[in-house]
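Data block below; observations after.
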Amino acid sequence: MRIFQVGPFSLALLLFFLVPLGVLLVVSFFESDMIFGMRATFSLESYVELFTTWNTLWLYLSTLKFAAIVWAITLLVGFTIAYFLVFHVRSLLIAIGLFLLCTVPFWTSNIIRMISWIPLLGKQGLINQAVIGLGISDEPVAWLLFSDFAVVVSYVHLFTLFMIVPIFNSMARIDKTLIEAARDAGAGRLRTVWEVIVPLSRSGIALGSIFVIVLVMGDFFVVKVMSGGQRASVVSNIFEDINVLLYPPAAASSVFLLIVVVLIVMGVLRVVDIRKQLAG
Amino acid sequence: MGDHTKKSKDSAAMTKPAGLTRRTLLKGTAAATGLVAGSAAMGGFPTIWAQEDITINHSGMSYSTLIQIAEKATEDLPFTVEMSVTDHAGMLNRLTTQSDSIDVADIELWMRVITVPRGVYQAIDPAKIKHWDKTTSIYREGQFAGNQVSRQGVSPYEVTYFTDGDAKEIADGESDYATMIPGVFNADTLGIQPQAIGRPINNWHELFNDEFNGRAAGMDIPPIMIMDAAMCIESTGEYKYADKGNMTKDEISMTVDRLIDLKKKGHWRALWGTFDQSVQLMVSGEVVIESMWSPAVTAVRAQGVPCVYQPLEEGYRGWGNGLSLMRHLEGKRLGAAYDYLNWYYSGWMGAFIAKQGYYLGVAETAKNYMKPYEWDYWYEGKAAEGDINDPYGTNMEKAGHVRDGGSFVDRFSKIACWNTLMDNHQFLLKKWAELQTA
């Protein structure tokens, strides 16, 4: 009986995903009143406000910029690490051991890992002590902390593993004889990577990209702390609304963010058909 | 907003299960250790429901909703008091959607503006509060030390009374229906590092001074920072607001634009969002001047970094809390809640909170629970005759230190405005987003 196989999962999906999503959608059309709460009417007020504010565009551009930069760096770093683990470490045991090492930072909380950058990047931090100590500069370098740079560093540190894992998984399933065949056919190392390994790791790259982009798009804490409160994200704006019970604008903003993220994910899936890749 | 987060001595949600056995035991110990004064003060509490299993839930923000208070109250009273800590958004959410889950709401003044019309509270009868006439006149009468207290922002007096027993409308003036009993309150100003600055700082406009370019911090809490910014702008003499606490849209635009200009010049090292961040900015030497909350300055000094909570000519920005009774309370539970409010004013709580640098609605009774020199230090602004320790026994200041800002009267005679929630708050948020994308 198929129903017993999909039943429980469908129920969970319905209760914990579709129902809340429905509520979110309904509330986004309510009218908001800070003093008396929201009024259950049909109003486009929140959406009109959202789409007639230039800042919505700047916020999305800022968040998308971070997503793009972080995606590029985590992809490069993640791919390189996964490649090293799969194709350069000969012993499977050592490869798994090194892979586990990559997860060590995840034994502490996100917040600790993020905040631990502050004493390193600060004006009197380790890097600036070195810069001044070595006589490279007399003044501490200020842009290391509370800047876009600091935000990107934190994101990369926090999210690279989400790129490593799926790519590692895809690469591990590549038939090693294909590499030998490429070499026999006269392909150099770079050409082998580009024409054999990258296409065969596509599903991993796609999954990792989805993880990283979605995580950056949904963040509000890292960007706040590491930019020293001088950058916002789409979500941090939603948070400000919730702080004073302005639920309808927050809901409208969430619905739009959801649409944007779904479009991005669909875009990625259009380039790489993960189902087919995984099935194959 | 305004999360005056005390360094996390508390966890996210604290509930204190208490059995009668332990309670009786603790009562015995307390008596044995000689807190006779305390026991005497406790004498007046009715004990008719001594055998009842009543739990009173006190919910609020981390700086005033401390587990030690619930432990002590449970020890002293014949029922259990439990504490739930949440952030501002969570608190407002619970107040409006699950108000039955709270008995006593310990919330900030401005939060009443948006929660009272929703009918979640019941009126408190001042006659049932033993020390009502001793509660601070700042809340009760809108007067302090013979002067009118500033009404800019959400001032305590403006939200202390309901119009009637229906408890859905805030009264303009006094009535027999109190919205709350005055709770923890304080005054904020700039924190500075005197040695790094090397000259006296006496005015708010110094926060905008180019001299501190890249070494200054503000808050990333729009309704509070807008007030500090307004204090700075008025201090430069550029503009005088009709009411800083309730600006017009033009005034909001002008004020936030000023912050944006400063940001573009690289003036702000950071705009902080939590208590801990403000402490770290000072301790790590990132900034030498910033908007700061009084206990944060103490926390910086406790780490060996000289830091002053700087009184300024234009005065302070005040903030405050109060304890409200939720509408669903009735019968014995209502009686127990009143007993808890009376306990709250009986002295122990006043001393406990005063030793952390805050003030409580009723101050006088705290004297019984503080050493005379502690009272003189915290309330009278006199030099400490002995070491000043926080209620957990950690040393805060050495003997001889004088509290920044002086006595309680000195501080609160100079409140220029209060933390607020403006009518144009939504517009402020929109404008604030511009600051962050600038």
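The values are calculated or read from the model by the stated rules, or taken from the named source; none is laboratory data. Bear in mind that the values here come from a model prediction, so they are computed numbers and not experimental data. Neighbour counts run over all protein chains shown; Cβ positions are idealised from the backbone, glycine included. Calculation scope for accessible area: heavy atoms of the full protein, side chains included, ligands and nucleic acids excluded. Shrake-Rupley method; radii C 1.70, N 1.55, O 1.52, S 1.80 Å.
Summary table below
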quantity	calculated
Residue list for the stretch B:116-168, restricted to those being small (Gly, Ala, Ser) and closer than 25 Å to B:His328 by Cα	B:Gly119, B:Ala123, B:Ala127, B:Gly165, B:Ala167
Restricting the stretch B:251-274 to residues that are within 12 Å of chain A (Cβ to nearest Cβ) and surrounded by fewer than 21 Cβ atoms within 10 Å (Cβ to Cβ), the residue that is nearest to A:Leu144 (Cα to Cα)	B:Gly266
Residue match in the stretch A:150-170 (condition: touching a helix residue (DSSP H, G or I) at 6+ places or on another chain (Cβ under 7 Å), on the phi < 0 side of the Ramachandran plot and within 14 Å of chain B (Cβ to nearest Cβ))	yes
Sole exception among (1) hydrophobic (A, V, I, L, M, F, W, C); (2) open to solvent by less than 20 Å² (accessible area, probe 1.4 Å); (3) not assigned by TED's automatic domain parsing to the domain that holds B:Ser253 for B:Trp375, by number	(2)
Cβ-Cβ under 7 Å pairs, at least 6 apart or on other chains, the stretch B:421-432 side in contact (Cβ under 8 Å) with a residue 60 or more places away in the chain, far side among the charged types (D, E, K, R)	B:Asn424/B:Lys249; B:Phe427/B:Lys249; B:Leu429/A:Glu240; B:Leu429/A:Asp241
Residue check, A:Pro140 surrounded by 14 or more Cβ atoms within 10 Å (Cβ to Cβ), in a loop (DSSP other than H, G, I, E, B) and of a type outside the set (Ser, Thr, Tyr)	yes
Tally of residues being away from every other protein chain (no Cβ under 14 Å), surrounded by fewer than 12 Cβ atoms within 10 Å (Cβ to Cβ) and of a type in the set (Ser, Thr, Tyr) across the stretch A:79-132	3
Residues of the stretch A:35-64 satisfying the condition of being closer than 20 Å to A:Gly267 by Cβ and exposed (fewer than 13 other Cβ atoms within 10 Å of the Cβ)	A:Leu57, A:Leu61
Single match in B:Thr255, B:Thr298, B:Thr248 (criterion: of a type in the set (Ser, Thr, Tyr), out of contact with any helix residue (DSSP H, G or I) (no Cβ under 7 Å at 6 or more places or on another chain) and more than 30 Å from B:Tyr161 (Cβ to Cβ))	B:Thr298
Flag for A:Val265 being touching a residue at least 24 places away in the same chain (Cβ under 8 Å), open to solvent by 20 Å² or more (accessible area, probe 1.4 Å) and within 15 Å of the chain's Cα centre (by Cα)	yes
Long-range neighbours under 7 Å by Cβ, at least six apart or interchain, first residue more than 13 Å from chain B (Cβ to nearest Cβ) within the stretch A:34-62, second surrounded by fewer than 18 Cβ atoms within 10 Å (Cβ to Cβ)	A:Thr41/A:Glu31; A:Ser43/A:Glu31
Within the stretch B:178-225, tally of residues that are more than 14 Å from chain A (Cβ to nearest Cβ), part of a loop (DSSP other than H, G, I, E, B) and open to solvent by 10 Å² or more (accessible area, probe 1.4 Å)	6
Verdict on A:Val212 being away from chain B (no Cβ under 14 Å), within 22 Å of the chain's Cα centre (by Cα), open to solvent by less than 20 Å² (accessible area, probe 1.4 Å) and closer than 19 Å to A:Ile264 by Cβ	yes
Test: residue in the stretch B:275-294 that is open to solvent by 20 Å² or more (accessible area, probe 1.4 Å), in a loop (DSSP other than H, G, I, E, B) and within 19 Å of A:Val225 (Cβ to Cβ)	yes
